[in-house]
Structures are given as C-alpha cells and as structure tokens.
Amino acid sequence: MSNDVRSIAILNPVMPMPEFQFFQVVKVRSTKEFGTIVGMWYVQTEDQRHHWSYRLVGVQTKPNLWWSGEALRSMQR
C-alpha cells in the first residue's frame, strides 16, 4: 500500500479507477472556475453504466454540487 495521500484503494477490481485524484486542482468547464477535489462518489446505474462524481472546494457558483468527470478538466499537463 502506498503512503501517498492522493491514492485510494479500490477493493472491487471490476470498478473503473477514477479519472481524478483527491486534492487535485481541476477546472469546471461550464463556469471556468477552479476547485480542489475533496470527495469522490461512485455510482453504478440500473443499466450498468458507471459514473464517478467529485466534490470540489473553492468553487463559488455551486459549492454543494457533485460534479461529473465530464464537467471537469485536469490542470495537470
């Protein structure tokens, strides 16, 4: 197990890994705001689609919203 605070353990090997990491700075595509990921939530819908959502701090427009991965852009290049 890594001591890196940004890594998470996935106990289900079938579950896809998240696109982003904890404490990663991302840009919200629609609002052009920057935020830091402080929470992740994984959902599998009834039609077997998989979806990661992310909670951000630093976003003023909708601070209590869980953002989909498609709505975010990584600032790491």
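The values are calculated or read from the model by the stated rules, or taken from the named source; none is laboratory data. Nothing here was measured: the structure is a model prediction, and the numbers come from that model. Protein only, heavy atoms only, side chains kept; ligands, DNA and RNA dropped before computing areas. Shrake-Rupley method; radii C 1.70, N 1.55, O 1.52, S 1.80 Å.
Pull out the extension gain between M75 and T31, defined as 0.36 nm times the separation in residues minus the alpha carbon to alpha carbon distance; nm, one decimal.
Length difference between fully extended and current span is 14.4 nm.
Could you pull the accessible area for V25 with a 1.4 Å probe, rounded to 10 Å²?
Accessible area of V25: about 70 Å².
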